[in-house]
Amino acid sequence: MSIPDLATLHALGAAQQPTYPDSEAVDAAVSKLRTLPPLVFAGECDELKDKIAAVSRGEAFLLQGGDCAETFAGVTADNVRNKLRVLLQMAVVLTYAASVPVVKVGRLAGQYAKPRSSDMETRDGVTLPAYRGDAVNGFDFTPESRVPDPQRLVDVYNSSAATLNLIRAFVTGGYADLRQVHTWNTDFVKESPVGQRYEAVASEIERALTFMQAIGADPVEFHRVDFHSSHEALVLEYEHAMTRIDSRTQMPYDVSGHMVWIGERTRQLDQAHVELLSHIRNPIGVKLGPTTTPDDALALAARLNPLNEAGRLTFITRFGAGRIRDGLPDLVEKVTAEGLQVAWVCDPMHGNTFEASSGYKTRRFDDVIDEVQGFFDVHRSLGTWPGGLHVELTGDDVTECVGGGEDLLEVDLGNRYESVCDPRLNRVQSLELAFLVAEMLRKA
Ligand code: PEP
Ligand code: MN
């Protein structure tokens, strides 16, 4: 089993790629990446695929979350831990309140490249290439910083390796032990009602654990969690260089992350991203926006999952709160009628972005909730399973999305706006979302 070479892929047409000024430097970076060890093992990708198969059968719920765009500067112990911590807290709330296994996937350790609506950015009459993520160029608005530099792809590898190393240490080394369920909430309790609500859940779990221990049960699941990495497979040079033939199966896997997805802007059926991902054996996602027709979805499934294998394909819908109730039913109905095995996941972020009067890109917490509610309503009326949630969030107390229990206002956005791309839910908003979704799940 082989995969097409990079030149063949580019010849198909590839949207959203950097224009590198120096092709020899690109070759050098790609050659370097090809020599580096895998970041994840193919067998781990298979395990995640099995878990997503359970999602597609309605037996589990996928929680996928992290930054819109990771940055190299953001690879610090605190930052990585805080992101993991909020995801663990959300997963506990979802698992406990809804009694459903939660498949935990970070949008991290590789989420460094961004599609942009415009190639160029103009500020005060100066026009420069748009920032395409730390994988491509620098965020600073200077001509030097905005030149695409392929050496950054090697930096993506190193930053992802450092992030994954810490995550693996946390999830197997005691931090994710369920007996830490209270510890994840420290420095949080007194300040917020949602923190106190979490505290109540944590106490119930602790009582249950004590009981289990008293009767002599202490399964390994209490002490460690499975946690997987994911990112948008965008820059072909990186994803291609990280695609390797698995020694067990002789099949190609993209070993830059456990799961990779195709974005809304790069899902053209005959072009490079769909072609590359059709060859790898990882579980994959495709973002589907409001212009997606049922035929588009069927054609994508035929190209990306011709054997109709459960767990292989996740459709991540991102319609917007105002469009999901009208737009989603047709898609789900036709895909289901064809007997296709897919996991349906709701991204309630990307259809709900707007620019505040202050100029900040933001999202309303209520719109996010409304889209998730619409997602659950549609699936309930069709008898299909609302399989998961794909969210942009951070474990820090940023001010990027408005609303939520703290009632962040547009005037607050400047207080702590740190995202270099899309606005993320902060820690309080993320946990509030988890409690609301747990209620929806309980009724599903
Ligand atoms: C993203 O996930 O950050 C993104 C760009 O999403 P989409 O492809 O759905 O627009
Ligand atoms: Mn985004």
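At a Förster distance of 22 Å, what's the computed FRET efficiency of S247 paired with R34, Cβ-Cβ distance as r, to 0.05? Walk me through the numbers on the way to the answer.
Working: r = 16 Å, r/R0 = 0.72.
For R0 = 22 Å, the calculated efficiency reads 0.85.
D50 to K443: extension gain in nm, 0.36 nm per residue of separation minus the Cα-Cα distance? Please report the intermediate quantities before stating the final value.
Numbers: separation 393, 0.36 × 393 = 141.48 nm, distance 2.50 nm.
Difference between extended and current length: 139.0 nm.
Footprinting exposure proxy ranking of Y238, Y175, fewest other C-beta atoms within 10 angstrom first, gives Y175, Y238.
Between F365, F139, F376, the GNM of the chain built on Cα springs shorter than 10 angstrom shows F139 fluctuating the most.
Among residues other than H228 whose Cβ falls under 12 Å from its Cβ, what is the net charge (Lys/Arg +1, Asp/Glu -1)? Kindly include the intermediate steps, with their values, before the conclusion.
Numbers: positive: K49, K51, K104, R107, R168; negative: E44, D46, E47, D50, D226.
Here the count lands on 0.
With a Förster radius of 41 Å, plug the Cβ-Cβ distance of T336 and E221 into 1/(1 + (r/R0)^6) and report the FRET value to the nearest 0.05.
Numbers: r = 32 Å, r/R0 = 0.78.
Taking R0 as 41 Å, the efficiency between T336 and E221 is 0.80.
Simple rule: put +1 on each Lys or Arg Cβ and -1 on each Asp or Glu Cβ in the chain, find the dipole, and look at P148, C346, T384; the Cα lying farthest toward the positive end is T384. Calculated [222 nm] ellipticity per residue, helices only, for the chain: -13000 deg cm²/dmol; basis is -39500 (n - 2.57) per DSSP H run with n ≥ 4, divided by all residues, nearest 500. In terms of its Cα atoms, the range 92-135 spans 55, 19, 13 Å along the principal axes, sorted from long to short. Starting from the Cα of R168, step 7 Å along the direction of its Cβ; do the same at R123; then give the gap between the two resulting points in nm. With each label placed 7 Å out from Cα toward Cβ, I get 3.8 nm. Using a Gaussian network model of the chain in which every pair of alpha carbons under 10 angstrom is joined by a spring, one finds that among V286, V26, V260 the greatest mean-square fluctuation is at V26.
Among R248, R312, R303, the largest mean-square fluctuation in a Gaussian network model of the chain (Cα springs under 10 Å) belongs to R248.
I need the trypsin sites (Lys or Arg not before Pro) found in the range 181-226, filtered to DSSP loop residues with at most 15 other beta carbons within 10 Å of theirs.
Details: sites: K190, R197, R207, R224; in loops: K190, R224.
Sites meeting the loop and neighbour criteria: K190.
If you build the Cα gyration tensor of the chain and take the root of 5 times each eigenvalue, what three semi-axes come out, in whole angstrom, biggest first?
On the way: eigenvalues 202, 132, 111 Å².
Each semi-axis is the square root of five times an eigenvalue, giving 32, 26, 24 Å.
What is the distance in Å between the Cα centroid of the range 281-312 and that of the range 27-72? Their Cα centres are 17 Å away from one another. Work out the FRET efficiency for S381 and E24 from their Cβ-Cβ distance, taking R0 = 56 Å, and round it to the nearest 0.05. The calculated FRET efficiency here is 0.50.
Here the Kirkwood formula, the inverse mean of 1/r across different C-alpha pairs, assigns the range 166-269 a hydrodynamic radius of 17.5 Å.
Compute the orientation-averaged projected area for the range 271-389 from the convex hull of its Cα atoms and round it to one decimal in nm². Don't jump to the answer; show the numbers that get you there.
Numbers: hull surface 31.9 nm².
Approximately 8.0 nm², given one-decimal rounding.
The Cα trace of the range 145-204 gives Rg and Dmax of 18.3, 54 Å, the first to one decimal, the second as a whole number. Neighbour counting of Cβ atoms within 10 Å sorts the residues V102, V181, fewest neighbours leading, into V181, V102. Taking amide hydrogens as placed 1.01 Å from N in the peptide plane, the amide H of S229 sits under 5 Å from those of G106, H258, M259, each at least 5 positions away in sequence or on another chain. The Cα trace of the range 340-440 gives Rg and Dmax of 14.2, 46 Å, the first to one decimal, the second as a whole number. Exposure proxy ranking for S247, S230, based on other Cβ atoms within 10 angstrom of each Cβ and starting from the fewest, stands as S247, S230.
Quick note: the coordinates plus some simple rules give every number you see, no bench work behind them. What you are looking at is a predicted structure, and each value in this text was computed from that prediction instead of being measured. Methodologically, a virtual Cβ is constructed for each residue, glycine included, from the backbone with ideal geometry; neighbour enumeration extends over all protein chains shown.
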